[in-house]
Amino acid sequence: MVVFGRISQALLRSSLTQSRQLSASAAHGHGEQAARTWKILSFVVAVPGVTVCMLNVYLKMQAHAAHHVEPEFVPYSHLRIRSKRFPWGDGNKSLFHNSEMNALPDGYEGRSE
């Protein structure tokens, strides 16, 4: 039992010494230097990385849209059922309706097929 007490006291002393050393190093400007390093890394690595990713997605979207062919509208009876009108607009379009991608029960808007 005495040995356990001595070991726990030694561990406690070492942890106190470590915490004092950490707080002392922070007082000498180590925290400021680390914050400056992360700020520089954010502007030099993160911002250009996000910019390159955004450019890549934009260019791929443009290439996809250039050769995108819309499928022919087929008025299947089980799709686009309107048993009750929507409570907004003309009652025929869903809340997140996209006139280029979503067809109405009688076809796409502004196109005659």
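The values are calculated or read from the model by the stated rules, or taken from the named source; none is laboratory data. Quick caveat, the model's predicted, so the values are computed rather than measured. Neighbour counts run over all protein chains shown; Cβ positions are idealised from the backbone, glycine included.
Working only within the stretch 60-82, note down all residues that are aliphatic (A, V, I, L, M) and under 26 Å from the mean Cα position of the chain (by Cα).
Of the stretch 60-82, the ones aliphatic (A, V, I, L, M) are 61, 63, 65-66, 69, 74, 79, 81.
Within the stretch 60-82, Met61, Ala63, Ala65 qualify.
Mind listing whichever residues of the stretch 70-89 are under 15 Å from Ala103 (Cα atoms) and exposed (fewer than 10 other Cβ atoms within 10 Å of the Cβ)?
Selection gives Pro71, Glu72, Val74, Tyr76, Ser77, His78, Leu79, Ile81.
Would you mind finding the one in Pro48, Pro71, Pro75, Pro87 that is outside any helix (DSSP H, G or I), at pLDDT 90 or above and not aliphatic (A, V, I, L, M)?
Working: Pro48 fails: outside any helix (DSSP H, G or I); Pro71 fails: at pLDDT 90 or above; Pro75 fails: at pLDDT 90 or above.
Exactly one residue qualifies, and that residue is Pro87.
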